[in-house]
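The values are calculated or read from the model by the stated rules, or taken from the named source; none is laboratory data. Keep in mind that this is a model prediction, so the values were computed, not measured. Don't worry about glycine lacking a Cβ; one is built from the backbone with ideal geometry, like all the others, and counts go over all protein chains shown. Note: accessible area is taken over every heavy atom of the protein model, side chains too, but ligands, DNA and RNA are not part of it. Shrake-Rupley method; radii C 1.70, N 1.55, O 1.52, S 1.80 Å.
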Amino acid sequence: MTIRSFDLLQPRSLAEASDLLLKHRDEARPIAGGTTLVILMKQRAVHYPYLVDLQSIPGLNRIAKEVDGIRIGALVTHRTVELSRLVRNSFPVVAEAFSTIGNVRVRETASVGGNLAHADYRLDPPPALLLLKSEVTLFGPGGSRVIPLKDFFTGMYETALEAGEILVDVKIPNMPTGSKAVYLRHSALSANDWPCLGVAALVSKENGRVRELRLALSGLAATPVSVDGLEFVRDCSFDDSVLDRILGIVDEQIAPFYDLRGSEWYKRRMARVFVRRAIAQLESQA
Amino acid sequence: MANLAVVGQSVYRKDANPKVTGKALHVGNIEMPGMLQVAVLRSPYAHARITRIDKSKAAGLEGVALVMTGVDVAKMPGVDPYYGPAFRDQPILAVDKVCYVGDPVVAVAARDQRTAEDALQLVEVDYEPLPAVFDVLEAVRPESPLVHERHRPAKAFADLAHVKAGQQSNICYHFKLRTGDVDKAFADADRVFEDTFSSPPAQHMPMEPHVTLVYLDEQERLNVWTASQSPSYVRTELSNTFSIPMHHIRVRVPYIGGGYGAKLYAKLEPLVTALALITKKPVRYALTREEEFLTITKHKVITKIKTAIKNGSITARKCEVFWDTGAYAEIGPRIGHKSGYTAAGPYRIPNVWIDSYCVYTNHVPAGAFRGFGVPQVIWAYDSQMDIIARAIGEDPVEFRLKPALEEGESFATGTLVRSFGIKEAIRQAARAIEWSKPRPVQTGTKLRGKGIAAGVKAVLTPSISGAIVIMNADGTANVLSSTVEMGQGSETTMGQIVAEELGIAFDQVHIVQPDTDVTPYDTITAGSRSTYHMGNAVRMAAVKIKAKLFEVVAAKLEAHPDDLVAGGGRIFVRGMAERGMTISEIFLAKFGSLGTTLAAEAVCQPTAGHMDPETGQSEKCTEYWFPSATAAEVEVDTETGQVKVLQLFSVGDTGTAINPRHCEQQLLGAAIMHLGLTLFEEMIFDEGQLVNGSLLDYQVASIKDMPESFRPIVVEVPHETGPFGAKGAGETGALTVAPAIANAIQDATGVRIRGLPITPEKVLRALAEKKGEALPQD
């Protein structure tokens, strides 16, 4: 398992990196932590004559607190997110999602930006980040643009990144006041396996009354799903009829496909089970 | 076992320090000047004729020493391009056609690995696809496409001498056992149970993938360093394949990083030898994990089992076992035979009918896998034992104990069983799991249940182990043995046996690693046979040395040799420790010098009786047996189907434990391995194409999957001819894990899973079916 020879290009700025990507087009690929890309290159499943090393660009590996949330640089490692006091205190669901990936060595190397840009449908962070209505900053030839994360994932291993564009950071807005969130993953094979599905849920309350429910799911189909149409839960309690309605909405908005970790039938069942469990867990913490 | 000094002690393993500190030599660490590295182009087709290979571009790449095809191999003078332990059916490289996705087609040897892999991408191969067959039950039909047009028996092993050149069929071996009158028993039965069980192909997953290094020394002798469980066989196979006399081949095996059956017989050695012979340079080929998936697997097995019950007892059993041996027979016929004859279980059943078929398909070849096929047949018969017990209202433990064979009773083969602790194993398992404790009534979505399973494996017989013990003048000893240390602890066990017999300290014995220039023949390091066979050989050799020492001491001290004992590095008169001599004093007395050695050779060669090819009856089908039982407690999440193993007890009759800790570790290690195989391991194929052929998608059990409570229980029923009463322990813990868990799941939920692995989805589907829900087909 060796990698075909390639040139490692080390830009000093985003603009330079973008130029390199534009110049070499399909022959170039940005590399951050490399935990996935290097395996694919070793398997010779892919080959890029040029790798654009984002690690050589200063400033992409910071977690910054902002008034309305936090901004996590694309080069921040999973392990840094997992252990960050800021993330653990204010966005525990994000720390939890990043802590479930692979093993410590992988998490020490893999980057937040690489994880999102790879757009594997089975990854743990997207549901937690979608739940919090995160946005991503993309830098490209035309400058920077900010898009909601839910618009970033466009297909299996496909994203909204255009030629010469680089994912710069992810902005996570503060959690609504009075809210709690949870991420549950279900491994159908060994405990270390990719999730069969991941479910993130957020419930916010005001004076003990439900104000909002958010749900996001991954692992079921090519892109993660952020569930719409849950506004009706406002002022409801999560009794059986409300739960049934929620589960019905979820069922309508997911389109699971068969993979090694479950059939469509099984994944639909699991979506129901884990959405219910996530809500129950949030309710029991209330 | 009175007065033993080292045998029976849990001494620390000899290989622990070098392995933990990273000093242990492995084939992958050996560097040689000018060594070439290898990459192999593999078939993308399950079955196809090769119509053209253009290797010119690859051969022209700088740094490439050789681009070799199967035709090139076939043209080498004196070379048989096909090899294999049962049939010579496997080409070193595909000659005219490929038989599975992953079949090696072209090999490149180059100055470094990257160049070799770069060159592969320049090789062009054209194929003409042929009809292929993937389903083992379809492959046995006469109208199915043939994987091989002719069968060529290898005649490499005495126990496979009866393997015949087959007719035009994918069945390469058919074992039959017939005793009593099953038809009559089924006609007379109160109830008949019929079930079909399946067990999928899986990976051995040794930490160290296959690796082989071959070079020609200054005398042009073939030198082979290889991660192999069978150095003696590799030498024979290379001698036969390349027409090289045996004294011109030297096979050495350092510590290997696990084998589990994957590294038996010849694997990479013929290919690397061909490359080294042509290039005249050292050549090493190390498989990637992805290639490991395409090299050897555990047999997929379908077992149809039918059992007659009359007055609460089993009166007849009929088993049809279909082994998917893949594109090349490998050792499949031996597995079909040895496991086939145990397929009715360790039970008293008057009428038995067994057909065991080893069948070619266009899948990755299947071979030996810890348990040698027996876990697959126990999966069937001891799952069914539970089904029957629960259906007729018998206690599953009592239902097994009642017909479990007693010492001296006849097995289905007609062989009388000896050292057969099956009942004790079942009782110990039941006690450990508190079987008789009343179960609380359960509600909710987490249901708990307990399960027991039992079964037995027989050791490969006949087989041969030779050993030489060399006593040094300072009272230390060297042991020459071809048993491979692959983590099982054989070096330590052999050291204990020799130290015990010679009366010296355990750390005064050095075990020489397998080297066919030096260490005598050994059939294989596999099948839980080394402690018994090699243990007996080293012990007998030590006894011969001791007799020579006694002779000197008896003359010198005017004592009778029968009154002498060895202990504490001395030979002395029994009961009179002061009347004796040190080993050095004996050497001085005998040779007048300390500059010499005493050597002795011994061979352990148990024989088997003739087995009738029509009835499978034999006065002696095996030298000894490994009774096994497992007890499991599970918790089933009825919403997800997920099975959590709460408790697991692995019980094995190992004979006398030479090193009790090692026996426990073997029982646990085997159980952990089979825990993964039970719950999630499966190589998934789509029209012959492996879908999950990497560790990204194929999972083995990790520390996170371990049961909360997990304990080995060693049952010691001494064997009268085992070294100090020992048998073996390498596979016993593997045998009964799967049915124990399936039986516990039925106990918890009432549903029965008949196909491994027991994934959450299978359990959830079974629960839904039980509730009468309509399910989509998937």
Exercise for the section: May I ask you to verify whether B:Ile745 is in a helix (DSSP H, G or I) and aliphatic (A, V, I, L, M)? Expected result: yes
Practice task
Go through segment B:84-188 and tell me which strands (runs of 3 or more DSSP E), entirely inside it, have 2 or more residues that are in the same structural domain as B:Val64 (by TED's automatic domain parsing).
Solution key: B:104-110, B:124-129
Problem - Residue match in segment B:296-314 (condition: surrounded by fewer than 24 Cβ atoms within 10 Å (Cβ to Cβ), of a type in the set (S, T, N, Q) and either in contact with a helix residue (DSSP H, G or I) (Cβ under 7 Å, 6 or more places away or on another chain) or closer than 30 Å to B:Asp188 by Cβ (or both)) - result: yes
Problem - A:Arg25 being away from chain B (no Cβ under 14 Å) and farther than 30 Å from B:Thr288 by Cα - result: yes
Exercise for the section: Mind listing whichever residues of segment B:486-500 are outside any helix (DSSP H, G or I) and over 14 Å from the mean Cα position of the chain (by Cα)? Expected result: B:Gly489
Exercise for the section: Could you please let me know if B:Arg252 is open to solvent by less than 10 Å² (accessible area, probe 1.4 Å), out of contact with any His (no Cβ under 9 Å at 6 or more places or on another chain), modelled with pLDDT of 95 or more and not hydrophobic (A, V, I, L, M, F, W, C)? Expected result: no
Fill in the blank from the handout: Apart from one, (1) more than 30 Å from A:Ile70 (Cα to Cα); (2) away from chain B (no Cβ under 14 Å) all hold for A:Glu231; the odd one out is (1)
Exercise for the section: Report yes if some residue within segment B:56-79 is buried (at least 22 other Cβ atoms within 10 Å of the Cβ), assigned to a loop (DSSP other than H, G, I, E, B) and in contact with a strand residue (DSSP E or B) (Cβ under 9 Å, 6 or more places away or on another chain); otherwise report no. Expected result: no
Practice task
Output the residue which, of all residues in segment A:1-14 that are crowded, with 16+ Cβ neighbours inside 10 Å and farther than 22 Å from B:Arg289 by Cα, is nearest to the other protein chains (Cβ to nearest Cβ).
Solution key: A:Phe6
Exercise for the section: Among the residues of segment B:21-55, count how many are touching a residue at least 40 places away in the same chain (Cβ under 8 Å) and not in a loop (DSSP other than H, G, I, E, B). Expected result: 16
Practice task
Of the conditions (1) buried (at least 24 other Cβ atoms within 10 Å of the Cβ); (2) in a loop (DSSP other than H, G, I, E, B), B:Val321 clears all except one; give me its number.
Solution key: (2)
Completion exercise
By residue number, the members of segment B:759-777 that are within 11 Å of chain A (Cβ to nearest Cβ) and within 26 Å of B:His674 (Cβ to Cβ) are B:Thr759, B:Pro760, B:Glu761, B:Lys762, B:Val763, B:Leu764, B:Arg765, B:Leu767
Completion exercise
Of the conditions (1) within 14 Å of chain A (Cβ to nearest Cβ); (2) in contact with a strand residue (DSSP E or B) (Cβ under 7 Å, 6 or more places away or on another chain); (3) of a type outside the set (S, T, N, Q), the single one that B:Leu122 does not satisfy is (2)
Completion exercise
Within segment B:597-650, the residues that are touching a strand residue (DSSP E or B) at 6+ places or on another chain (Cβ under 6 Å), open to solvent by 40 Å² or more (accessible area, probe 1.4 Å) and within 14 Å of another protein chain (Cβ to nearest Cβ) are B:Lys644
Handout entry: Tally of residues being within 14 Å of chain A (Cβ to nearest Cβ), open to solvent by 20 Å² or more (accessible area, probe 1.4 Å) and under 26 Å from B:Glu485 (Cβ atoms) across segment B:660-701
Key = 5
Handout entry: Single match in A:Arg245, A:Arg272, A:Arg261, A:Arg277 (criterion: within 14 Å of chain B (Cβ to nearest Cβ), at pLDDT 95 or above, surrounded by 13 or more Cβ atoms within 10 Å (Cβ to Cβ) and over 17 Å from A:Leu202 (Cβ atoms))
Key = A:Arg272
Practice task
Have a look at B:Phe175, B:Phe186 and point out the one that is over 24 Å from B:Ala742 (Cβ atoms) and out of contact with any helix residue (DSSP H, G or I) (no Cβ under 9 Å at 6 or more places or on another chain).
Solution key: B:Phe186
Exercise for the section: Scan segment A:202-219 for residues that are within 29 Å of A:Leu75 (Cβ to Cβ) and open to solvent by less than 20 Å² (accessible area, probe 1.4 Å) and report the count. Expected result: 5
Fill in the blank from the handout: Looking across segment B:551-571 at residues that are in contact (Cβ under 8 Å) with a residue 24 or more places away in the chain and of a type in the set (A, V, I, L, M, F, W, C), the single one that is surrounded by the most Cβ atoms within 10 Å (Cβ to Cβ) is B:Ile571
Practice task
Considering each residue of segment B:179-223, count those that are touching a residue at least 24 places away in the same chain (Cβ under 8 Å), of a type in the set (A, V, I, L, M) and over 30 Å from B:Val27 (Cα atoms), and give that number.
Solution key: 4
Handout entry: Complete set of residues in segment B:356-386 that are more than 28 Å from B:Ile745 (Cα to Cα) and open to solvent by less than 10 Å² (accessible area, probe 1.4 Å)
Key = B:Ser356, B:Cys358, B:Val359, B:Tyr360, B:Thr361, B:Asn362, B:Val364, B:Pro365, B:Ala366, B:Gly367, B:Ala368
Practice task
Give the residues of segment A:182-193 that are surrounded by fewer than 24 Cβ atoms within 10 Å (Cβ to Cβ), more than 8 Å from chain B (Cβ to nearest Cβ) and either within 14 Å of the chain's Cα centre (by Cα) or hydrophobic (A, V, I, L, M, F, W, C) (or both), sorted by residue number.
Solution key: A:Val182, A:Leu184, A:Arg185
Fill in the blank from the handout: Inside segment B:360-396, the number of residues satisfying the requirement of being of a type in the set (Phe, Trp, Tyr) and under 20 Å from B:Ile753 (Cα atoms) is 2
Practice task
Check whether at least one residue in segment B:177-196 is open to solvent by 30 Å² or more (accessible area, probe 1.4 Å) and under 28 Å from B:His151 (Cβ atoms), and report yes or no.
Solution key: yes
Exercise for the section: Among what's in segment B:331-355 and is part of a loop (DSSP other than H, G, I, E, B) and open to solvent by less than 10 Å² (accessible area, probe 1.4 Å), pick the residue that is nearest to B:Asp188 (Cα to Cα). Expected result: B:Ala344
Exercise for the section: Give me a count of the residues in segment B:80-119 that are surrounded by 21 or more Cβ atoms within 10 Å (Cβ to Cβ), more than 14 Å from chain A (Cβ to nearest Cβ) and more than 31 Å from the chain's Cα centre (by Cα). Expected result: 1
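Per-residue answers, yes or no, for (1) without any contact (Cβ under 8 Å) to a residue 24 or more places away in the chain; (2) touching a helix residue (DSSP H, G or I) at 6+ places or on another chain (Cβ under 6 Å); (3) at positive phi:
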{"position": "A:Ala64", "(1), (2), (3)": "yes, no, no"}
{"position": "A:Glu82", "(1), (2), (3)": "no, yes, no"}
{"position": "A:Leu86", "(1), (2), (3)": "yes, no, no"}
{"position": "A:Phe98", "(1), (2), (3)": "no, yes, no"}
{"position": "A:Val104", "(1), (2), (3)": "no, no, no"}
{"position": "A:Ala110", "(1), (2), (3)": "no, yes, no"}
{"position": "A:Ala119", "(1), (2), (3)": "no, no, yes"}
{"position": "A:Pro125", "(1), (2), (3)": "no, yes, no"}
{"position": "A:Ala128", "(1), (2), (3)": "no, yes, no"}
